[in-house]
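Have a look at the structure below, then the notes.
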Amino acid sequence: MKQYNAYDNMLAVLEAAADKLGLNPNDYEAVKYPERELKVAVPIKMDNGRIRIFEGYRVQHSSSRGPCKGGIRYHPEVDIDEVKALAAWMSLKCAVVDIPYGGAKGAVKVDPAELSRGELERLTRRFTAMILPLIGPEKDIPAPDINTNAEIMGWIMDTYSMFKGYSVPGVVTGKPLDIGGSLGRQEATGRGVSIITAEALRYLHIEGKNIAIQGMGNVGSVTAKLLHEAGCRIIAVSDVSGGCYNKEGIDVEGILRHLASRSKTLEGYSEPGMETISNEELLSLGCDVLIPCALQNQITAQNAGGVRARLIVEGANGPTTVEADSILAEKGIPVIPDILANAGGVVVSYFEWVQNIQNLMWDEAQINDTLKKIMIRGFNRVLDFVREKNVSFRIAANMLALQKLSAAKTTRGVFP
Ligand code: GLU
């Protein structure tokens, strides 16, 4: 079996989109490569006095359309190809929703659950110091991603500001509210996913509203909450510890309370009428919408044949492989791709950064309304390509993004 490589996956889709656009290789050759890659070895004094070294990365894929932008994830299995792919997806995502950013991504190869709070803070501050030459509000702006949160963004902001000698809130987004974070940012990705799900259901004339969600981190849990509030029935959710299925609908408030107060995972959760299922079983449940909100490489050639959802909306980055995409297409299951569906996070990051560099604050209604407008505009632009070129949503979104990226590159020209 071919080893999964996120970067190859990204390139295969990009090539297909370039081909459909009829682009000349010169127009998009540069998009196939990240502009810069930095790999760092981050030493941390552990609580027991031992020094441990963690590998970290910051990859800037493109700055053609604006400063590089993208999250930082902490995960024990992350590697450079994954970070390169995630950085490229950020460039494409920002182009799809037409915000003036390029793309970047960072990561530290670590399981943060094994660290104390002090170790996590030291790791974050030292990693920030080591990528400091690359980041800044005018060149590369990190944000939360898997296993990172507002508190960690606050440490990044403080570390950067200490080096500069004054507060620089615009160096990072997804910060706590009291140091320049934005209202609505924490919920933004899930809010975007629920907006796009509603648009897709309407466009595809799917009446049913039974939803299965893989992943109960920030994106999955907010998506579950908002879709539940909008009248959908969340029939199944899962995370690293396993899954819960209730054909009458999961008690979403109960699950969210459990996640907030107990273990941060679904472990130990139960409710009347609920069955315990595995992650694999969740992916093959009969439902109207399957929303993968965990990691990349979840719907693959091995399990795509068993998917019984009528629609897939990608809350995670890269959850579906190229091979799985073809199987789903044969089965007639539309997939709303990550670079459109989960763009809400970076859209509100953009609002946060704009507020920071202008020293002003927007109210939450203004943020949520503008987010909705931008998400629906992105959906409709992707839809234009779907209709005109008779392609999948994924190829359409990549065509739209690639057209914008290559236009920016062509306009700027090649230095020197
Ligand atoms: N990590 C999020 C993403 O993958 C948000 C990035 C950002 O806000 O810069 O889209």
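Here, each number is a calculation from the coordinates, and none is a lab measurement. Since the model is a prediction, treat every value here as computed from it, not as a measurement. Cβ coordinates were reconstructed from backbone atoms using ideal geometry, including for glycine residues, and neighbour counts include every protein chain displayed.
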Give me the residue from the stretch 157-174 that is closer than 19 Å to G102 by Cβ and aliphatic (A, V, I, L, M) and, out of that set, farthest from the ligand (Cβ to nearest atom). V171
Inside the stretch 21-77, can you point out the residues that are under 23 Å from A408 (Cα atoms) and of a type in the set (S, T, N, Q)? N24, N26, Q60, S62, S63, S64
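Here's the yes/no breakdown for (1) buried (at least 24 other Cβ atoms within 10 Å of the Cβ); (2) closer than 27 Å to G254 by Cβ:
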{"site": "C287", "(1), (2)": "yes, yes"}
{"site": "P319", "(1), (2)": "yes, yes"}
{"site": "I336", "(1), (2)": "yes, no"}
{"site": "A341", "(1), (2)": "yes, yes"}
{"site": "V348", "(1), (2)": "yes, no"}
{"site": "Q358", "(1), (2)": "no, no"}
{"site": "D369", "(1), (2)": "no, no"}
Since K109 meets every condition but one in (1) in contact (Cβ under 8 Å) with a residue 40 or more places away in the chain; (2) within 18 Å of I135 (Cβ to Cβ), which condition does it not meet? (2)
Does the stretch 66-79 hold any residues that are surrounded by fewer than 23 Cβ atoms within 10 Å (Cβ to Cβ) and either within 18 Å of K404 (Cα to Cα) or in contact with a Cys (Cβ under 9 Å, 6 or more places away or on another chain) (or both), and which are they? G66, P67
Residue in the stretch 256-271 that is touching a residue at least 60 places away in the same chain (Cβ under 8 Å) and more than 22 Å from the chain's Cα centre (by Cα) present: no
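Results for (1) within 14 Å of the ligand (Cβ to nearest atom); (2) more than 21 Å from L14 (Cβ to Cβ), shown as yes or no for each residue.
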position	(1), (2)
I312	no, no
F351	yes, yes
I357	no, yes
N380	no, yes
E388	no, no
A396	no, no
If we keep just the residues of the stretch 330-349 that are of a type in the set (A, V, I, L, M) and away from the ligand (no atom under 13 Å from the Cβ), which is farthest from Y166 (Cα to Cα)? I333
Scanning the stretch 76-101 for residues that are part of a loop (DSSP other than H, G, I, E, B), under 16 Å from P142 (Cα atoms) and more than 11 Å from the ligand (Cβ to nearest atom) gives P100
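For the structure I just gave you, tell me whether A16 is surrounded by fewer than 22 Cβ atoms within 10 Å (Cβ to Cβ) and in a helix (DSSP H, G or I).
Details: surrounded by fewer than 22 Cβ atoms within 10 Å (Cβ to Cβ): yes; in a helix (DSSP H, G or I): yes.
Yes; evaluated as a whole, the condition is true for this residue.
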Conditions first: (1) crowded, with 18+ Cβ neighbours inside 10 Å; (2) more than 27 Å from P337 (Cα to Cα); (3) within 15 Å of the ligand (Cβ to nearest atom). N147 passes all but one, so which condition is the exception? (2)
